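Single-structure report; data block below.
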Amino acid sequence: MKYLFAILCGFIVATTPMAQDATAPDVLIKTVTNEVLDIVRKDKDIQSGNTRKAIDLVEAKVLPHFNFTRMTQLAMARDWRQANPAQQKVLTDEFRLLLVRTYSKALTEYKNQTIGFKPFALKPGETDVRVRTEIKQSGAGKNIELDYFLEKASSGWKVYDIEVGGISLVTNYRESFAAEVRNGGIDGLIKSLQAKNKTGEATSVKK
Amino acid sequence: MNKTLPTRLKSATLALLAAGLLAGCASSGNPKDPIEGFNRAMFAFNEGLDSLIVKPVATGYDAVLPSPIRTGVTNFFGNIDDLFIGVNNLLQGKIPEAFSDLGRVAINTTIGLLGVLDIATDAGLEKHNEDFGQTFGRWGVGNGAYVVIPVFGPRTVRDTVGLVLDVQADPVANHRPKGERDFAQVLRLVNGRANLLAADKVVEEAALDKYSYVRDAYLQRRRNLIHDGNPPRESEASLDTDRSLSVDARLEEPRAEAPSGGAVLVVRMEPVDTK
(Lines give C-alpha, C1' and ligand atoms only; values in the text may rest on other atoms or scores of the structure.)
Protein backbone atom coordinates (compact mmCIF):
# COMPACT_ATOMS: atom_id res chain seq x y z
CA MET A 1 0.00 0.00 0.00
CA LYS A 2 2.74 2.40 1.01
CA TYR A 3 4.60 1.39 -2.09
CA LEU A 4 1.64 2.23 -4.27
CA PHE A 5 1.32 5.61 -2.58
CA ALA A 6 4.97 6.34 -3.23
CA ILE A 7 4.58 5.52 -6.91
CA LEU A 8 1.57 7.75 -7.06
CA CYS A 9 3.47 10.62 -5.47
CA GLY A 10 6.38 10.05 -7.77
CA PHE A 11 4.02 10.13 -10.72
CA ILE A 12 2.47 13.40 -9.60
CA VAL A 13 5.85 15.01 -9.07
CA ALA A 14 7.05 13.78 -12.44
CA THR A 15 4.09 15.11 -14.41
CA THR A 16 4.02 18.51 -12.71
CA PRO A 17 7.66 19.44 -12.51
CA MET A 18 7.27 23.01 -11.31
CA ALA A 19 4.07 22.71 -9.38
CA GLN A 20 4.20 23.65 -5.78
CA ASP A 21 0.88 25.20 -4.98
CA ALA A 22 -0.03 25.90 -8.59
CA THR A 23 -3.77 25.85 -8.89
CA ALA A 24 -4.70 25.22 -12.51
CA PRO A 25 -5.14 28.58 -14.32
CA ASP A 26 -8.80 28.05 -15.20
CA VAL A 27 -9.60 27.02 -11.66
CA LEU A 28 -7.80 30.09 -10.36
CA ILE A 29 -9.77 32.45 -12.62
CA LYS A 30 -13.03 30.78 -11.76
CA THR A 31 -12.41 30.88 -8.02
CA VAL A 32 -11.33 34.50 -7.95
CA THR A 33 -14.14 35.64 -10.27
CA ASN A 34 -16.82 33.93 -8.22
CA GLU A 35 -15.37 35.11 -4.96
CA VAL A 36 -15.18 38.75 -6.08
CA LEU A 37 -18.62 38.80 -7.70
CA ASP A 38 -20.20 37.20 -4.63
CA ILE A 39 -18.88 40.06 -2.55
CA VAL A 40 -19.98 42.72 -5.06
CA ARG A 41 -23.47 41.23 -5.28
CA LYS A 42 -23.90 41.59 -1.52
CA ASP A 43 -22.22 44.98 -1.17
CA LYS A 44 -24.59 47.88 -1.68
CA ASP A 45 -21.77 50.43 -1.31
CA ILE A 46 -19.81 49.08 -4.24
CA GLN A 47 -22.96 48.82 -6.34
CA SER A 48 -23.76 52.46 -5.69
CA GLY A 49 -20.34 53.55 -6.85
CA ASN A 50 -18.03 53.47 -3.82
CA THR A 51 -14.78 53.12 -5.73
CA ARG A 52 -12.63 53.16 -2.59
CA LYS A 53 -14.31 50.02 -1.32
CA ALA A 54 -14.03 48.35 -4.68
CA ILE A 55 -10.33 49.17 -4.76
CA ASP A 56 -9.83 47.55 -1.36
CA LEU A 57 -11.59 44.45 -2.62
CA VAL A 58 -9.47 44.29 -5.76
CA GLU A 59 -6.27 44.81 -3.80
CA ALA A 60 -7.10 42.01 -1.40
CA LYS A 61 -8.49 39.43 -3.80
CA VAL A 62 -7.27 40.13 -7.29
CA LEU A 63 -3.86 41.80 -7.12
CA PRO A 64 -1.94 38.83 -5.77
CA HIS A 65 -2.66 36.98 -8.98
CA PHE A 66 -1.40 39.66 -11.35
CA ASN A 67 2.10 40.24 -12.65
CA PHE A 68 2.29 43.99 -12.99
CA THR A 69 5.92 44.15 -13.98
CA ARG A 70 5.17 42.01 -16.99
CA MET A 71 2.10 44.11 -17.80
CA THR A 72 4.06 47.33 -17.69
CA GLN A 73 6.76 45.77 -19.81
CA LEU A 74 4.19 44.74 -22.41
CA ALA A 75 2.53 48.14 -22.45
CA MET A 76 5.85 49.93 -22.86
CA ALA A 77 7.21 47.59 -25.50
CA ARG A 78 10.73 48.57 -26.49
CA ASP A 79 10.72 51.71 -24.34
CA TRP A 80 10.91 49.47 -21.28
CA ARG A 81 14.61 48.93 -21.83
CA GLN A 82 15.20 52.66 -21.93
CA ALA A 83 14.03 53.00 -18.34
CA ASN A 84 16.46 52.42 -15.50
CA PRO A 85 15.46 50.04 -12.67
CA ALA A 86 14.23 52.88 -10.45
CA GLN A 87 12.08 54.26 -13.26
CA GLN A 88 10.82 50.79 -14.06
CA LYS A 89 9.66 50.42 -10.48
CA VAL A 90 7.84 53.76 -10.45
CA LEU A 91 6.26 52.98 -13.82
CA THR A 92 5.06 49.61 -12.60
CA ASP A 93 3.59 51.11 -9.43
CA GLU A 94 1.78 53.88 -11.27
CA PHE A 95 0.49 51.58 -13.99
CA ARG A 96 -0.71 49.15 -11.34
CA LEU A 97 -2.62 51.95 -9.65
CA LEU A 98 -4.22 52.96 -12.94
CA LEU A 99 -5.26 49.42 -13.79
CA VAL A 100 -6.58 48.75 -10.30
CA ARG A 101 -8.63 51.92 -10.43
CA THR A 102 -10.03 51.00 -13.84
CA TYR A 103 -10.87 47.47 -12.75
CA SER A 104 -12.51 48.78 -9.58
CA LYS A 105 -14.54 51.27 -11.56
CA ALA A 106 -15.77 48.44 -13.74
CA LEU A 107 -16.83 46.54 -10.63
CA THR A 108 -18.95 49.45 -9.40
CA GLU A 109 -20.76 49.36 -12.75
CA TYR A 110 -21.59 45.70 -12.26
CA LYS A 111 -25.29 44.95 -12.64
CA ASN A 112 -26.60 41.42 -12.90
CA GLN A 113 -24.30 39.99 -15.50
CA THR A 114 -23.14 36.44 -15.07
CA ILE A 115 -19.80 35.03 -16.14
CA GLY A 116 -19.59 31.93 -18.28
CA PHE A 117 -16.41 29.86 -18.27
CA LYS A 118 -15.40 28.26 -21.52
CA PRO A 119 -13.86 24.80 -21.64
CA PHE A 120 -10.15 24.81 -20.91
CA ALA A 121 -7.54 22.09 -21.05
CA LEU A 122 -4.02 22.61 -19.83
CA LYS A 123 -1.56 20.81 -22.05
CA PRO A 124 1.36 19.24 -20.24
CA GLY A 125 4.34 21.54 -20.02
CA GLU A 126 2.39 24.67 -20.95
CA THR A 127 3.51 27.79 -19.12
CA ASP A 128 1.55 30.42 -21.02
CA VAL A 129 -2.19 30.09 -21.45
CA ARG A 130 -5.38 31.88 -22.31
CA VAL A 131 -8.45 31.28 -20.17
CA ARG A 132 -11.64 32.29 -21.94
CA THR A 133 -14.70 33.54 -20.14
CA GLU A 134 -17.66 35.59 -21.24
CA ILE A 135 -19.89 38.18 -19.68
CA LYS A 136 -23.52 37.31 -20.21
CA GLN A 137 -25.80 40.29 -20.06
CA SER A 138 -29.44 39.58 -19.57
CA GLY A 139 -30.98 40.69 -22.85
CA ALA A 140 -28.42 43.31 -23.80
CA GLY A 141 -27.33 41.73 -27.02
CA LYS A 142 -24.22 39.73 -27.63
CA ASN A 143 -22.09 38.29 -24.86
CA ILE A 144 -18.76 40.00 -24.27
CA GLU A 145 -15.65 37.86 -24.29
CA LEU A 146 -13.39 38.36 -21.29
CA ASP A 147 -10.11 36.49 -21.67
CA TYR A 148 -7.22 36.18 -19.25
CA PHE A 149 -3.64 35.51 -20.30
CA LEU A 150 -1.61 33.77 -17.64
CA GLU A 151 1.96 32.77 -17.26
CA LYS A 152 3.36 30.24 -14.88
CA ALA A 153 5.71 31.60 -12.24
CA SER A 154 7.33 29.92 -9.29
CA SER A 155 4.58 31.31 -7.08
CA GLY A 156 1.76 30.03 -9.26
CA TRP A 157 -0.08 31.28 -12.34
CA LYS A 158 -0.07 35.04 -12.83
CA VAL A 159 -2.28 37.11 -15.11
CA TYR A 160 -0.32 39.38 -17.44
CA ASP A 161 -3.05 40.54 -19.82
CA ILE A 162 -6.82 40.81 -19.99
CA GLU A 163 -8.81 41.13 -23.18
CA VAL A 164 -12.34 42.50 -23.17
CA GLY A 165 -14.12 41.91 -26.46
CA GLY A 166 -10.74 41.50 -28.08
CA ILE A 167 -9.35 44.71 -26.63
CA SER A 168 -6.24 44.12 -24.57
CA LEU A 169 -6.30 46.33 -21.50
CA VAL A 170 -2.52 46.28 -21.50
CA THR A 171 -1.44 46.70 -25.10
CA ASN A 172 -4.14 49.30 -25.64
CA TYR A 173 -1.81 51.66 -23.80
CA ARG A 174 1.09 50.94 -26.09
CA GLU A 175 0.59 53.79 -28.55
CA SER A 176 -0.17 56.41 -25.93
CA PHE A 177 2.79 55.33 -23.80
CA ALA A 178 5.07 55.48 -26.82
CA ALA A 179 3.77 58.95 -27.65
CA GLU A 180 4.44 60.13 -24.09
CA VAL A 181 7.96 58.78 -24.20
CA ARG A 182 8.57 60.38 -27.61
CA ASN A 183 7.45 63.74 -26.29
CA GLY A 184 8.82 63.81 -22.76
CA GLY A 185 11.06 60.79 -22.31
CA ILE A 186 10.53 58.12 -19.65
CA ASP A 187 10.07 60.80 -17.00
CA GLY A 188 7.39 62.43 -19.14
CA LEU A 189 5.43 59.18 -19.14
CA ILE A 190 5.88 58.85 -15.37
CA LYS A 191 4.58 62.38 -14.87
CA SER A 192 1.51 61.75 -17.03
CA LEU A 193 0.70 58.55 -15.18
CA GLN A 194 1.07 60.27 -11.84
CA ALA A 195 -1.12 63.15 -12.94
CA LYS A 196 -3.75 60.72 -14.22
CA ASN A 197 -3.74 58.81 -10.96
CA LYS A 198 -4.05 62.03 -8.96
CA THR A 199 -7.21 63.09 -10.80
CA GLY A 200 -8.54 59.57 -10.39
CA GLU A 201 -7.87 59.77 -6.66
CA ALA A 202 -9.76 63.05 -6.43
CA THR A 203 -12.87 61.67 -8.13
CA SER A 204 -12.89 58.46 -6.14
CA VAL A 205 -12.74 60.38 -2.86
CA LYS A 206 -15.60 62.59 -3.95
CA LYS A 207 -17.83 59.61 -4.60
CA MET B 1 -6.39 69.54 -69.53
CA ASN B 2 -10.05 68.72 -70.05
CA LYS B 3 -10.55 67.07 -66.75
CA THR B 4 -14.12 66.50 -65.74
CA LEU B 5 -15.17 67.76 -62.37
CA PRO B 6 -15.25 64.36 -60.65
CA THR B 7 -11.74 63.60 -61.85
CA ARG B 8 -10.52 66.93 -60.57
CA LEU B 9 -12.24 66.37 -57.30
CA LYS B 10 -10.61 63.01 -57.10
CA SER B 11 -7.14 64.33 -57.68
CA ALA B 12 -7.77 67.15 -55.22
CA THR B 13 -8.85 64.64 -52.60
CA LEU B 14 -5.83 62.52 -53.34
CA ALA B 15 -3.54 65.51 -53.01
CA LEU B 16 -5.20 66.44 -49.75
CA LEU B 17 -4.87 62.92 -48.46
CA ALA B 18 -1.24 62.78 -49.48
CA ALA B 19 -0.59 66.08 -47.75
CA GLY B 20 -2.36 64.87 -44.65
CA LEU B 21 -0.37 61.69 -44.81
CA LEU B 22 2.94 63.51 -44.97
CA ALA B 23 1.98 65.98 -42.28
CA GLY B 24 0.69 63.17 -40.12
CA CYS B 25 3.81 61.09 -40.52
CA ALA B 26 5.95 64.00 -39.55
CA SER B 27 3.98 64.86 -36.44
CA SER B 28 2.58 61.70 -34.92
CA GLY B 29 4.68 58.98 -36.44
CA ASN B 30 1.78 56.57 -36.11
CA PRO B 31 1.33 54.82 -39.44
CA LYS B 32 -2.17 53.66 -38.52
CA ASP B 33 -3.30 57.23 -37.95
CA PRO B 34 -1.80 59.42 -40.66
CA ILE B 35 -4.41 62.19 -40.34
CA GLU B 36 -4.26 62.41 -36.57
CA GLY B 37 -4.64 66.20 -36.51
CA PHE B 38 -7.92 66.07 -38.42
CA ASN B 39 -9.09 63.09 -36.40
CA ARG B 40 -8.43 64.77 -33.08
CA ALA B 41 -10.47 67.79 -34.15
CA MET B 42 -13.31 65.54 -35.26
CA PHE B 43 -13.07 63.54 -32.06
CA ALA B 44 -13.35 66.72 -30.01
CA PHE B 45 -16.38 67.73 -32.08
CA ASN B 46 -18.06 64.38 -31.45
CA GLU B 47 -17.25 64.52 -27.76
CA GLY B 48 -18.79 67.97 -27.59
CA LEU B 49 -21.90 66.83 -29.40
CA ASP B 50 -22.12 63.84 -27.10
CA SER B 51 -21.71 65.71 -23.86
CA LEU B 52 -24.11 68.50 -24.89
CA ILE B 53 -26.92 66.47 -26.40
CA VAL B 54 -26.62 62.73 -26.84
CA LYS B 55 -25.30 61.73 -23.44
CA PRO B 56 -27.74 63.83 -21.37
CA VAL B 57 -30.66 62.44 -23.36
CA ALA B 58 -29.33 58.90 -23.02
CA THR B 59 -28.81 59.38 -19.28
CA GLY B 60 -32.38 60.58 -18.89
CA TYR B 61 -33.65 57.72 -21.02
CA ASP B 62 -31.68 55.27 -18.91
CA ALA B 63 -33.02 56.74 -15.68
CA VAL B 64 -36.66 56.93 -16.73
CA LEU B 65 -37.24 53.65 -18.56
CA PRO B 66 -37.29 50.40 -16.60
CA SER B 67 -34.63 47.99 -17.74
CA PRO B 68 -37.01 45.38 -19.27
CA ILE B 69 -38.26 48.05 -21.67
CA ARG B 70 -34.73 49.12 -22.58
CA THR B 71 -33.90 45.49 -23.18
CA GLY B 72 -36.94 45.21 -25.43
CA VAL B 73 -35.80 48.20 -27.46
CA THR B 74 -32.27 46.77 -27.75
CA ASN B 75 -33.70 43.43 -28.87
CA PHE B 76 -36.06 45.02 -31.39
CA PHE B 77 -33.23 46.81 -33.21
CA GLY B 78 -30.95 43.83 -32.70
CA ASN B 79 -33.45 41.67 -34.54
CA ILE B 80 -33.34 43.99 -37.54
CA ASP B 81 -29.54 43.86 -37.40
CA ASP B 82 -29.60 40.06 -37.36
CA LEU B 83 -30.99 40.02 -40.89
CA PHE B 84 -27.92 41.83 -42.22
CA ILE B 85 -25.59 39.96 -39.93
CA GLY B 86 -26.93 36.87 -41.70
CA VAL B 87 -26.38 38.42 -45.13
CA ASN B 88 -22.81 39.33 -44.19
CA ASN B 89 -22.11 35.85 -42.85
CA LEU B 90 -23.36 34.52 -46.17
CA LEU B 91 -21.05 36.88 -48.06
CA GLN B 92 -18.18 35.67 -45.90
CA GLY B 93 -18.97 32.06 -46.68
CA LYS B 94 -20.00 31.24 -43.15
CA ILE B 95 -23.08 29.31 -44.13
CA PRO B 96 -24.04 27.69 -40.79
CA GLU B 97 -23.72 31.05 -39.04
CA ALA B 98 -25.84 32.70 -41.73
CA PHE B 99 -28.59 30.14 -41.29
CA SER B 100 -28.43 30.54 -37.56
CA ASP B 101 -28.86 34.32 -37.96
CA LEU B 102 -31.83 33.93 -40.27
CA GLY B 103 -33.27 31.37 -37.86
CA ARG B 104 -32.89 33.98 -35.12
CA VAL B 105 -34.84 36.51 -37.17
CA ALA B 106 -37.58 33.98 -37.91
CA ILE B 107 -37.97 32.98 -34.27
CA ASN B 108 -37.65 36.43 -32.72
CA THR B 109 -39.89 38.17 -35.24
CA THR B 110 -42.71 35.69 -34.60
CA ILE B 111 -42.59 34.16 -31.13
CA GLY B 112 -40.41 37.02 -29.93
CA LEU B 113 -43.12 39.57 -30.74
CA LEU B 114 -41.42 41.46 -33.57
CA GLY B 115 -38.02 41.03 -31.98
CA VAL B 116 -38.79 42.54 -28.59
CA LEU B 117 -37.97 39.25 -26.89
CA ASP B 118 -34.74 37.49 -27.77
CA ILE B 119 -36.01 33.95 -27.54
CA ALA B 120 -33.50 32.65 -30.07
CA THR B 121 -30.57 33.22 -27.70
CA ASP B 122 -32.31 31.22 -24.99
CA ALA B 123 -32.95 28.54 -27.59
CA GLY B 124 -29.22 28.33 -28.20
CA LEU B 125 -28.86 30.35 -31.39
CA GLU B 126 -25.96 32.62 -30.55
CA LYS B 127 -26.06 36.25 -31.63
CA HIS B 128 -23.25 37.26 -33.97
CA ASN B 129 -21.63 40.56 -34.81
CA GLU B 130 -21.06 41.27 -38.50
CA ASP B 131 -21.23 44.21 -40.86
CA PHE B 132 -20.00 45.11 -44.33
CA GLY B 133 -16.73 46.49 -42.97
CA GLN B 134 -15.97 43.09 -41.44
CA THR B 135 -16.94 41.34 -44.64
CA PHE B 136 -14.43 43.44 -46.57
CA GLY B 137 -11.84 42.68 -43.91
CA ARG B 138 -12.58 39.02 -44.30
CA TRP B 139 -12.14 39.33 -48.05
CA GLY B 140 -8.64 40.62 -47.47
CA VAL B 141 -9.17 44.37 -47.63
CA GLY B 142 -6.78 46.14 -45.28
CA ASN B 143 -7.85 48.73 -42.72
CA GLY B 144 -6.63 51.82 -44.48
CA ALA B 145 -6.13 54.87 -42.34
CA TYR B 146 -8.01 55.49 -39.16
CA VAL B 147 -10.70 58.14 -39.60
CA VAL B 148 -13.00 59.80 -37.11
CA ILE B 149 -16.30 60.56 -38.85
CA PRO B 150 -18.68 63.25 -37.60
CA VAL B 151 -21.48 61.75 -35.46
CA PHE B 152 -20.60 58.12 -36.32
CA GLY B 153 -17.21 58.25 -34.62
CA PRO B 154 -14.19 55.99 -35.11
CA ARG B 155 -13.84 54.08 -38.35
CA THR B 156 -11.16 53.04 -40.76
CA VAL B 157 -11.32 53.83 -44.46
CA ARG B 158 -12.47 50.28 -45.09
CA ASP B 159 -15.11 50.44 -42.40
CA THR B 160 -16.32 53.79 -43.70
CA VAL B 161 -17.11 52.17 -47.04
CA GLY B 162 -18.75 49.37 -45.08
CA LEU B 163 -20.75 51.92 -43.12
CA VAL B 164 -22.11 53.48 -46.31
CA LEU B 165 -23.38 50.05 -47.36
CA ASP B 166 -24.70 49.33 -43.87
CA VAL B 167 -26.74 52.52 -44.02
CA GLN B 168 -27.92 51.78 -47.58
CA ALA B 169 -29.18 48.39 -46.51
CA ASP B 170 -30.56 49.52 -43.17
CA PRO B 171 -34.33 48.84 -42.98
CA VAL B 172 -34.74 51.55 -40.37
CA ALA B 173 -33.14 54.25 -42.53
CA ASN B 174 -35.25 53.09 -45.48
CA HIS B 175 -38.48 52.99 -43.53
CA ARG B 176 -41.35 55.28 -44.54
CA PRO B 177 -43.21 57.40 -43.47
CA LYS B 178 -40.37 59.68 -42.53
CA GLY B 179 -41.88 60.56 -39.17
CA GLU B 180 -41.67 56.96 -38.02
CA ARG B 181 -38.24 56.58 -39.54
CA ASP B 182 -36.87 59.58 -37.67
CA PHE B 183 -38.41 58.46 -34.41
CA ALA B 184 -36.92 54.99 -34.84
CA GLN B 185 -33.48 56.36 -35.68
CA VAL B 186 -33.40 58.66 -32.68
CA LEU B 187 -34.65 55.90 -30.40
CA ARG B 188 -31.99 53.54 -31.72
CA LEU B 189 -29.25 56.11 -31.23
CA VAL B 190 -30.32 57.05 -27.71
CA ASN B 191 -30.81 53.44 -26.68
CA GLY B 192 -27.43 52.49 -28.08
CA ARG B 193 -25.77 55.34 -26.26
CA ALA B 194 -27.52 54.43 -23.02
CA ASN B 195 -26.09 50.93 -23.30
CA LEU B 196 -22.62 52.46 -23.37
CA LEU B 197 -22.94 54.68 -20.30
CA ALA B 198 -21.21 52.22 -18.00
CA ALA B 199 -18.38 51.48 -20.42
CA ASP B 200 -17.89 55.19 -20.85
CA LYS B 201 -17.11 55.71 -17.18
CA VAL B 202 -14.53 52.94 -17.27
CA VAL B 203 -12.83 54.46 -20.31
CA GLU B 204 -12.66 57.85 -18.58
CA GLU B 205 -11.00 56.13 -15.66
CA ALA B 206 -8.57 54.17 -17.80
CA ALA B 207 -7.45 56.54 -20.52
CA LEU B 208 -4.29 58.56 -20.30
CA ASP B 209 -5.28 60.20 -23.56
CA LYS B 210 -8.89 59.43 -24.42
CA TYR B 211 -8.41 60.00 -28.14
CA SER B 212 -5.70 57.40 -28.55
CA TYR B 213 -7.30 55.02 -26.07
CA VAL B 214 -10.52 54.99 -28.07
CA ARG B 215 -8.63 54.74 -31.36
CA ASP B 216 -6.54 51.78 -30.31
CA ALA B 217 -9.49 50.07 -28.68
CA TYR B 218 -11.46 50.49 -31.89
CA LEU B 219 -8.66 49.06 -34.02
CA GLN B 220 -8.16 46.10 -31.69
CA ARG B 221 -11.88 45.46 -31.51
CA ARG B 222 -12.37 45.47 -35.27
CA ARG B 223 -9.42 43.19 -35.75
CA ASN B 224 -10.92 40.80 -33.24
CA LEU B 225 -14.36 40.91 -34.87
CA ILE B 226 -13.03 40.27 -38.35
CA HIS B 227 -11.37 37.13 -37.02
CA ASP B 228 -14.48 36.20 -35.04
CA GLY B 229 -12.73 36.34 -31.70
CA ASN B 230 -9.61 34.44 -32.77
CA PRO B 231 -7.19 36.92 -34.28
CA PRO B 232 -3.61 35.80 -34.65
CA ARG B 233 -1.69 37.44 -31.84
CA GLU B 234 -0.37 40.72 -33.22
CA SER B 235 3.19 40.51 -34.40
CA GLU B 236 5.25 42.11 -31.70
CA ALA B 237 8.49 42.28 -33.58
CA SER B 238 8.62 45.91 -32.56
CA LEU B 239 8.91 44.73 -28.99
CA ASP B 240 12.14 42.94 -29.69
CA THR B 241 12.26 41.28 -26.34
CA ASP B 242 12.95 37.61 -26.92
CA ARG B 243 10.51 36.72 -24.22
CA SER B 244 7.42 38.23 -25.75
CA LEU B 245 8.35 36.80 -29.10
CA SER B 246 8.30 33.33 -27.69
CA VAL B 247 4.95 34.09 -26.08
CA ASP B 248 3.65 35.11 -29.48
CA ALA B 249 4.77 31.91 -31.01
CA ARG B 250 2.81 29.94 -28.50
CA LEU B 251 -0.29 32.05 -28.85
CA GLU B 252 -0.30 31.71 -32.61
CA GLU B 253 -2.36 28.52 -32.41
CA PRO B 254 -5.91 29.96 -32.26
CA ARG B 255 -5.50 30.74 -35.95
CA ALA B 256 -6.22 27.11 -36.63
CA GLU B 257 -9.67 27.50 -35.07
CA ALA B 258 -10.79 30.07 -37.65
CA PRO B 259 -13.59 28.77 -39.84
CA SER B 260 -12.02 27.03 -42.80
CA GLY B 261 -13.75 29.14 -45.44
CA GLY B 262 -12.00 32.28 -44.38
CA ALA B 263 -8.62 30.91 -43.43
CA VAL B 264 -6.93 31.84 -46.69
CA LEU B 265 -8.20 35.37 -46.55
CA VAL B 266 -7.15 35.70 -42.95
CA VAL B 267 -3.61 34.86 -43.80
CA ARG B 268 -3.59 37.09 -46.83
CA MET B 269 -4.83 40.01 -44.86
CA GLU B 270 -2.11 39.90 -42.25
CA PRO B 271 0.68 41.87 -43.89
CA VAL B 272 -1.69 44.74 -44.52
CA ASP B 273 -3.08 44.67 -41.03
CA THR B 274 -0.06 44.38 -38.85
CA LYS B 275 1.97 47.15 -40.38
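The values are calculated or read from the model by the stated rules, or taken from the named source; none is laboratory data. Quick caveat: nothing in here was measured; it's all calculated off a predicted structure. For neighbour counting, all protein chains shown are included, and Cβ atoms are generated from backbone atoms with ideal geometry for every residue, glycine included. Side chains included, ligands, DNA and RNA excluded: accessible areas come from the protein's heavy atoms. Shrake-Rupley method; radii C 1.70, N 1.55, O 1.52, S 1.80 Å.
Here are a few things to note about the model shown:
- Span per principal axis, largest first, for the Cα atoms of the stretch B:59-154 (Å): 42, 36, 16
- Counts of other chain beta carbons within 10 angstrom of each beta carbon in peptide A:186-196 average 1.
- Our coupling estimate for the stretch A:67-72, obtained by passing each phi through the Karplus curve with A = 6.51, B = -1.76, C = 1.60 and θ = phi - 60°, is 10, 6, 4, 5, 4, 5 Hz, Gly and Pro reported as x.
- Using the Cβ of residue B:147 as centre and a radius below 13 Å, the other residues enclosed give a net charge of +3, where K and R count +1 and D and E count -1.
- Members of A:53/B:201; A:152/B:32; A:42/A:105; A:158/B:210; A:30/A:152; B:127/B:178 lying beyond 22 Å, as alpha-carbon distances in this model show: A:152/B:32; A:158/B:210; B:127/B:178
- With K and R counted +1 and D and E -1, the other residues having a Cβ less than 14 Å from that of residue B:164 yield a net charge of -2.
- Where only C-alpha atoms are counted, convex hull volume of the stretch B:24-113 per residue in Å³: 141
- Nonlocal amide H pairs with residue B:149, under 5 Å, H built at 1.01 Å: B:155
- Full-stretch length increase - residue B:152, residue B:113 - with 0.36 nm per residue and alpha-carbon distance subtracted: 11.1 nm
- Calculated FRET efficiency for the pair residue B:176/residue A:111, C-beta based, R₀ 41 Å, to 0.05: 0.65
- Taken one residue at a time, the phi angles of the stretch B:58-73 give Karplus couplings (6.51, -1.76, 1.60, θ = phi - 60°) of 5, 5, x, 4, 5, 6, 7, 7, x, 4, x, 5, 4, 4, x, 5 Hz. Gly and Pro are set to x.
- Residue list for the stretch B:183-213, given a label point 7 angstrom along the Cα-to-Cβ vector of residue A:199 and an amide N cut-off under 12 Å: B:204-211
- Proximity of backbone amide H atoms, modeled 1.01 Å from N, is registered between residue A:66 and A:159 at under 5 Å, excluding neighbours fewer than 5 places apart on the same chain.
- FRET efficiency, residue A:41 to residue B:129 (Cβ-Cβ, R0 30 Å, nearest 0.05): 0.60
- Amide hydrogen neighbours beyond the local backbone of residue A:146, cut-off 5 Å, H modeled: A:133, A:134, A:135, A:165
- Taken across both chains, chains A and B shield about 3700 Å² of accessible surface from a 1.4 Å probe.
- The stretch B:149-208 and the stretch B:105-147: distance between their alpha carbon centers, rounded to Å: 15
- Cβ-derived FRET efficiency at R0 25 Å, residue A:142 paired with residue A:118, nearest 0.05: 0.95
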